[in-house]
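A short worksheet on the structure shown next.
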Amino acid sequence: MCIRDSINAEYGGRHRGAMENLTNSTLNGTVNGTGGPDGAPADMMVVYAALLITAPTLVYYGSKRSLATEDKETMSTKDAMMFPIIGSCVLFGLFLVFKYLAKEYINLLLHFYFILIGTFCIASTILPWIEAVRGKATTKLCNTSLKIPFYGEELPIQLDANEVLAFIVGVAGAGWYGLTKHWLANNLVGGCFCIQGIEMMSLGSVFNGVILLVGLFFYDIFWVFGTNWVMGDGNSVMVSVAKNFEAPIKLLFPKTLPAVAGQLSMLGLGDIVIPGFFVAMTLRYDVRVGKGATRVFPFCFAGYVVGLGSTVFVMHVFQAAQPALLYIVPALLITSFVGAASSGHFKSFANFSEEAEPKKDEDSPSPSAHSKKED
């Protein structure tokens, strides 16, 4: 089993079980709030700039890599409908766990889990870079199998020289985070989570994407604003979990350099990965329809940047954590459909499914029509 096969088995296999649904919901749903600022204005401008550069870069790069990845995990309509509900259950469950149990033991268990997952994510992320430098490997250095308890089957492990090197880097990166929990190490692991998630997940159709985004739009508002109304003092279930959950499921940006403990702004990976699913799908739509025929991806990507920028602006003005999807979701949906309409492909985009053959618009001439004209 090569590194990419390993990451598929660990991070999103073809047949997802309850545990994977739990992991995905936790990853994408528990820290969807953008942490509020309390640093000096000049320092916060640096934080905002870093945030507005890092998140869109991860979305753009993950989207580009998704073009070359064929074996994707496809989300069904039922998955899209259930995602906010499952995410809510996981989020509230974590809130209760951190509230009534010793969070140190919970975080210790999750710490080792994310080190393991982080190793595979980093290795899979850098593998194409290593292959670009060293070329494709033709021989396997490791060819064995591993029997995992309770799994029932032996997993074949086949690693070439490039994959071994990538795995070593993955162990070093995840180990750096495991030993230090440095904010840069956290962002390394978290960034690779984002890239792998966007690269390997397909929403299946625009319809599924709209359902997912709209559902998480209300999910975000409720768990940030709704629970804040109940809890008061500027706190909420989502912010509480995000602050207590010591795992690389959020990007951290120090408000001062050198970084001071507790003086970090955060952006949940859900605010990158979830919109990234949709942005990547618009890129694949543009490619499938034909180069230059549509421009949904540039519009949608610009919408993500505008939505994220709006989040930062409102956060700065009101000095409080904001549910980023409140601003990102409308921006994504409006700009993507405007982009499709501007090139005359509104209906084609609205009906787009990655499992179906691309449908030509009624107003676009078919090849047979051209051949008849030539005759």
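The values are calculated or read from the model by the stated rules, or taken from the named source; none is laboratory data. Predicted model, so just to flag it, every value in this text is computed and none were measured. Reconstructed Cβ throughout: ideal geometry from the backbone, glycine too, with neighbour counts over all protein chains shown. Each accessible area value is taken on the protein alone, full model and side chains, heavy atoms only, with ligands, DNA and RNA left out. Shrake-Rupley method; radii C 1.70, N 1.55, O 1.52, S 1.80 Å.
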Being farther than 25 Å from Leu91 by Cβ, open to solvent by 10 Å² or more (accessible area, probe 1.4 Å) and at pLDDT 95 or above is the requirement here; does Val169 meet it?
yes
Every residue in the range 136-149 that is touching a residue at least 24 places away in the same chain (Cβ under 8 Å) and either open to solvent by less than 70 Å² (accessible area, probe 1.4 Å) or under 20 Å from Met200 (Cβ atoms) (or both), please.
Ala137
Residues of the range 258-298 being more than 20 Å from the chain's Cα centre (by Cα) and touching a residue at least 12 places away in the same chain (Cβ under 8 Å), in sequence order, are Ala259, Gln263, Leu264, Val287, Arg288, Val289, Ala293, Thr294, Arg295
Looking across the range 253-284 at residues that are of a type in the set (S, T, N, Q) and out of contact with any Cys (no Cβ under 8 Å at 6 or more places or on another chain), the single one that is nearest to Gly215 (Cα to Cα) is Ser265
Quick one: would you say Val133 is assigned to a helix (DSSP H, G or I) and surrounded by 11 or more Cβ atoms within 10 Å (Cβ to Cβ)?
no
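Let's see how each residue does on (1) more than 22 Å from Asp271 (Cα to Cα); (2) crowded, with 17+ Cβ neighbours inside 10 Å:
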| residue | (1), (2) |
| --- | --- |
| Met44 | no, yes |
| Tyr48 | no, yes |
| Lys72 | no, yes |
| Phe83 | no, yes |
| Cys89 | no, no |
| Phe95 | no, yes |
| Ala102 | yes, no |
| Leu109 | yes, no |
| Gly118 | no, yes |
Mind listing just one residue for me: the one in the range 50-61 that is at pLDDT 95 or above and buried (at least 20 other Cβ atoms within 10 Å of the Cβ) and, of those, nearest to Thr125 (Cα to Cα)?
Leu58
Residue by residue through the range 260-294, note down the ones that are in a strand (DSSP E or B) and of a type in the set (S, T, N, Q).
Ser265
Name, by its number, the condition in (1) in contact with a Ser or Thr (Cβ under 9 Å, 6 or more places away or on another chain); (2) among the hydrophobic types (A, V, I, L, M, F, W, C); (3) within 19 Å of Tyr61 (Cβ to Cβ); (4) open to solvent by 20 Å² or more (accessible area, probe 1.4 Å) that does not hold for Val305.
(1)
Residue under question is Thr125, and the condition is that it be outside any helix (DSSP H, G or I) and in contact with a helix residue (DSSP H, G or I) (Cβ under 6 Å, 6 or more places away or on another chain); does it hold?
no
Any pair with Cβ under 9 angstrom, 6 or more apart, that starts in the range 309-320 at a residue that is at positive phi and ends at one that is open to solvent by 80 Å² or more (accessible area, probe 1.4 Å) and basic (Lys, Arg):
none
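If only one of Trp229, Trp223 is open to solvent by 50 Å² or more (accessible area, probe 1.4 Å) and either touching a residue at least 24 places away in the same chain (Cβ under 8 Å) or over 22 Å from Val273 (Cα atoms) (or both), which one is it?
That would be Trp229, the only listed residue that is open to solvent by 50 Å² or more (accessible area, probe 1.4 Å) and either touching a residue at least 24 places away in the same chain (Cβ under 8 Å) or over 22 Å from Val273 (Cα atoms) (or both).
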Test result for Lys64, open to solvent by 50 Å² or more (accessible area, probe 1.4 Å), assigned to a helix (DSSP H, G or I) and modelled with pLDDT under 90:
no
Do we find a residue being among the hydroxyl-bearing types (Ser, Thr, Tyr), surrounded by 20 or more Cβ atoms within 10 Å (Cβ to Cβ) and over 16 Å from the mean Cα position of the chain (by Cα) anywhere in the range 202-210?
yes
Quickly run through the range 334-349 and pick out the residues that are open to solvent by 30 Å² or more (accessible area, probe 1.4 Å) and part of a helix (DSSP H, G or I).
Ile334, Thr335, Phe337, Val338, Ala341, Ser342, Phe346, Lys347
In this structure, is Pro128 surrounded by 10 or more Cβ atoms within 10 Å (Cβ to Cβ), over 14 Å from Asn244 (Cβ atoms), touching a residue at least 24 places away in the same chain (Cβ under 8 Å) and touching a strand residue (DSSP E or B) at 6+ places or on another chain (Cβ under 8 Å)?
no
